[in-house]
């Protein structure tokens, strides 16, 4: 009798817990604990068979992705999921310190990864090291500047962000609906270097400058709509995006390109970390090694709908050998002008989180901009 | 047991209603209570923490983006309601009162199908049709007409919203008109009413509850819609639904998003009650 | 008679249905005329054509000498009272009655005054502010009548206005309709399938079948002298006997028929076929041991059943020839022997038999 009551009470509590789990928006993949499944928290598309099929075959495992858009969402997901939900996280470099502070990621052994193969500039990338300890390995990067419609603009017309305020651009400036790169470009156009480390006066000026763009605005787009709005001509100019959008479109015949204006561009960097407490640290390490290997790098660079730059020099070489035409359009050729020239010329600022204001303050300004 | 019969007769319908009540409780009342509770919670390190904090309410209700979005969403929903009523009524009138039974059944099926097809897909289709490089502008170009900037404004937004509301509103009005006693129309004609007088003095008053229901439904759908404002105006400016998503996106502010959600529900409930009062006036007088 | 309403060769064809065929009828000013017949006979369609609610496919409609065939219904001045009443549920009683006045643009004050006068006339004084739903069936009927009469039309059309009411109320309202007709002295055109209603109210009745007028006349004339088998049957004279003339005798013809040799009031050549009917109230039963008077028929049969309607009774009898007879008489309390199966003998005065001119 007592046992029965006890059982039913336990059942009731169990049901309550399940309900709570369901309603508190946690992600709990059914097979999170399967040894042959690598749980991967990443931007959309990064578990595409093109990228991971070879790794899955070699290691007889399955890469299961939980996708997010934007670092805030990534943090939310990882915060709200039970420990052990993820093994590897791919994050934008500027969010790593938040992951590190919240103790979500493991320290890495630099000897495990081919860092010496990277361009010297990226071998000790500042955002990946904390107290001289490595927490993330760079997998790919790209530049954000001003993307434009080549039928409407000549390159010299968009050599400055000022093009967005011209009458010609009225109602034709699109925005990626993420405050960070969008406001970063406006900050650059206001002469702020670095763009995310600005004082209150500069922040006020940035706000005013941003709001003055409202009459020029076509819309605030999701990732999918960035592509469609550039392709169908709804937007002629979009700041804060880059070749990760326009290269694929251009190869597909759309008249679009990205320029780093005179005021400079922003570099985004993606890197992989091992999630703290994973029982599959070995598999996670192998996945990062695979992704940073020359073969993994070539695949990362050439995925049809998301072209990226890669930090590995052997990766560049393999790309030039196996896909020379891709190497050319991606400007990843060692013996020609290439993507590293912009970096070396100091025209690119790192994308960072706001340094002197709270994230929320920047977010609020962005919300207000949208609602104007 | 003669005394049992009336009790049983009353108990049966009540019993049959139980699943509906449970359903409503499980899938509407409980989530709603949860939503209201969450509005007082806090977010720390992107994590929800139970608390009793009125700050979320204060922050949202006093924020300029919320107030602007509220006014804008209300305006949009109101215009969408008026547009869909004006466009749907003549169609519903023709379907309900002019067509043969067979043709009417065909048209009703024709109206029901869009209700059950993907709205998002249709909104995307409109994007393709209306965009500067889209179907319409290509056609304009071929005809030697100037290009028109159709996407990203009130026109495209309302085209999208009408895609959502028009079939439903037309159906509601059609059923309302089918349900009205058609001899009332004949009687009015017979008693000296012109066609316009019949419409204004008889048909519209006779289907007043149906008109109210159709209007509330259109308002409700347009007010809460997310897809059309996002995909056809590029969130420019954002509606309350977009604001909810934005609030969650930037910093996992579920409590503040819940404040917006609860406010929206309150407004819709108010609209519903007001229309009910307006259309059920005669009932009240009794 | 000068016609106030004249229907000339009216035709109404629907796809697959010829509802009204070549119908011509003159109706005098101030006349109370009833269109009657079974459902589907075209009587309602005819009324609706007069009101302009149906457009005839042929023929003309003249009212007061004016061709109304193409005039829209709202300009005909032919208000109608529906079986369903068609009151506006969203208007008060007063507003319902005032509706036609509002449509023609009368002032609110005049509308109110006139509507209330009419409500007084139909016995609903003081009920103007009520909702339709608050009224009883009979009260609603009066509202419908007041609403139709409020513009003081010269014609009132009524489409089975009383058939939805119970018998008691029906009789009561019949009386009121008669009174209104007498007071207003306007033309009433009344459609009904009920013979008793038509007979109680109308100056003349028009019997229709299958889209064609069968007979027009005063109720008594139609009842006593139906022109054909259909009208006779519609008047309740279902027993129709056909025979060959065997002899002629002083204005009577003797027919040879299964019931024997029976006299009918007609002069026809020997050998001609005649069909006669006999009113149910003209047949009587012979008492035990009584023989039929000289020259009266004597038809044996057996009782099938008895139906009582108030003080009258209908006795159903199967003649030995197999023909069904019906007999209606006052309930005299002498029917103890008339149990089903009891043998009886029927007789009637030969002069009460009616020979159908067009069988």
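Derivation of every value follows stated rules applied to the coordinates shown; laboratory data play no part. None of these values were measured; they are calculated from a predicted model. Glycine gets a Cβ as well: all are built from the backbone with ideal geometry, and neighbour counts include every protein chain shown.
GNM remark for chain C: springs join alpha carbons under 10 Å apart, and the peak mean-square fluctuation among C:50, C:132, C:155 falls on C:132. Of the peptides A:41-52, B:131-142, C:33-44, the ranking by mean beta-carbon count within 10 Å, highest at the top, reads C:33-44, A:41-52, B:131-142. Of the peptides B:87-94, C:334-341, C:121-128, the order by per-residue mean of other Cβ atoms within 10 Å, starting with the highest, comes out as B:87-94, C:121-128, C:334-341. Among B:183, B:62, B:170, the largest mean-square fluctuation in a Gaussian network model of chain B, built with springs joining Cα atoms closer than 10 Å, belongs to B:183.
What number, rounded to the nearest 500 deg cm²/dmol, is the helix-based mean residue ellipticity at 222 nm of chain C, given -39500 (n - 2.57) per DSSP H run of at least four residues and division by all its residues? It comes out at -7000 deg cm²/dmol, rounded to the nearest 500. Estimated from helices alone, the mean residue ellipticity of chain A at 222 nm is -12000 deg cm²/dmol (sum of -39500 (n - 2.57) over DSSP H runs with n ≥ 4, per residue). Ordered by the number of other Cβ atoms lying within 10 Å of each residue's own Cβ, fewest first, C:325, A:221 fall into the sequence C:325, A:221. Rounded to the nearest 500, what is the 222 nm mean residue ellipticity of chain B from helices alone, with -39500 (n - 2.57) per DSSP H run of 4+ residues and division by all residues? Calculated at 222 nm, the ellipticity per residue is -23000 deg cm²/dmol. Computed from Cα positions, the angle between helix C:167-184 and the longest principal axis of chain C comes to roughly 60 degrees.
Mind checking A:229-237 for the average number of partner chain beta-carbons within 10 Å of each residue's beta-carbon? For this peptide, the per-residue mean of nearby foreign Cβ atoms is 5. Look at the alpha carbon pairs under 8 Å that are at least 6 residues apart: their mean separation over the length of segment C:234-359 gives a relative contact order of 28 percent. Note on the protein assembly as shown: antiparallel DSSP beta bridges, both residues inside, total approximately 75 percent of the bridges counted. Note on residue A:157/residue B:26: beta-carbon distance plugged into 1/(1 + (r/R0)^6) with R0 of 51 Å gives a FRET efficiency of 0.30. For peptide A:217-223, the mean count of partner chain Cβ atoms within 10 Å of a residue's Cβ comes to 6. Shielding of peptide C:85-92 by partners, expressed as the average count of other chain Cβ atoms within 10 Å per residue Cβ, is 6. Each label was represented as a point 7 Å from its Cα along the Cα-to-Cβ direction; for residue C:203 and residue B:33 these points are 7.7 nm apart. Packing, taken as the mean count of other beta carbons within 10 Å per residue, orders the peptides C:201-208, A:323-330 from highest to lowest as C:201-208, A:323-330. Using the alpha-carbon centroid of each, what span in Å lies between segment C:1-56 and segment C:218-255? That distance is 28 Å.
When only Cα pairs below 8 angstrom with a gap of at least 6 residues are kept, segment C:3-229 shows a relative contact order of 28 percent. For chain A, the longest principal axis of the C-alpha atoms and the axis of helix A:313-322 are separated by about 80°. Relative contact order for segment A:81-225: 20 percent, from Cα pairs under 8 Å spaced at least 6 residues apart, divided by residue count. For the residues C:309, C:150, C:171, a GNM of chain C with alpha-carbon springs under 10 Å puts the largest fluctuation on C:309.
What is the distance in Å between the Cα centres of segment B:252-281 and segment A:229-281? A separation of 40 Å, based on Cα centres.
For segment C:145-211 and segment A:172-197, what is the separation of their C-alpha centers, rounded to whole Å? Computed from Cα coordinates, the inter-centre distance equals 86 Å. Rounding to the nearest 10 and keeping the result within 0 to 90°, find how far the Cα-based axis of helix C:137-149 lies from the longest principal axis of chain C. Taking the Cα atoms of chain C, the angle to C:137-149 is about 70 degrees.
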